[in-house]
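Presented below is the structure to which this report refers.
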Amino acid sequence: MKKVEAIIRHFKLDDVKSALSEHQVHGMTVTEVRGFGRQKGHTETYRGAEYTVDFVPKVKIEVICAEKQLQTVIDTILRAAQTGQIGDGKIFVGDLANVIRIRTGETGEQAL
């Protein structure tokens, strides 16, 4: 099993969710996060005063999938979240040792 974490722009969340659903990928966790990469924040003006926003707001999506679905999940997120601009985000993929469904006690892929 794999854990796919994607940091994307807020306005791309619905596109990614819809695209994953079309590929029979159900279930995800979404968290609002803040951070910076190459963007290094940006400068804004509020009531005439200029200030720096060091951390850019993003959305983190976590999807757990079977190994056979991994490339589909990655490709789907890439297509749906990409704008071609700096700040589109990143995708992280890691191994997952086990999953346990609390309600039934099922483990592994059956718990997905």
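Taken together, the values in this text are just the output of simple stated rules run on the coordinates, not laboratory data. Note that the coordinates shown come from a computational prediction; the quantities given were computed from them, not determined experimentally. So basically every Cβ, Gly included, is an ideal-geometry build from the backbone, and we count neighbours across all protein chains shown.
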- Message: If you average the C-alpha positions of segment 67-97 and of segment 5-34 separately, how far apart do those two centres end up, in angstrom?
- Response: 10 Å
- Taking a temperature of 37 °C and a viscosity of 0.692 mPa s, what whole-number D in µm²/s does Stokes-Einstein yield for the chain with Rh from Kirkwood over alpha carbon pairs? 211 µm²/s
- Relative contact order (percent, whole number), the chain, Cα cutoff 8 Å, 6+ residue spacing: 42 percent
- Note on the structure: If unit charges are put on Cβ atoms (+1 for Lys and Arg, -1 for Asp and Glu) and the dipole of the chain is taken about its Cα centre, the option from Gly35, Gln110, Phe11 lying farthest towards the positive end turns out to be Gly35
- Quick one: among Lys12, Lys60, Lys68, which has the greatest mean-square fluctuation in a GNM of the chain with alpha-carbon springs under 10 angstrom? Lys68
- Task: Using only Cα positions of segment 72-112, each an equal point scatterer, no hydration layer, compute I(q)/I(0) via Debye at q = 0.17, 0.18, 0.28, 0.29 Å⁻¹ and quote the log10 values to two decimals.
- Result: -0.65, -0.68, -0.93, -0.96
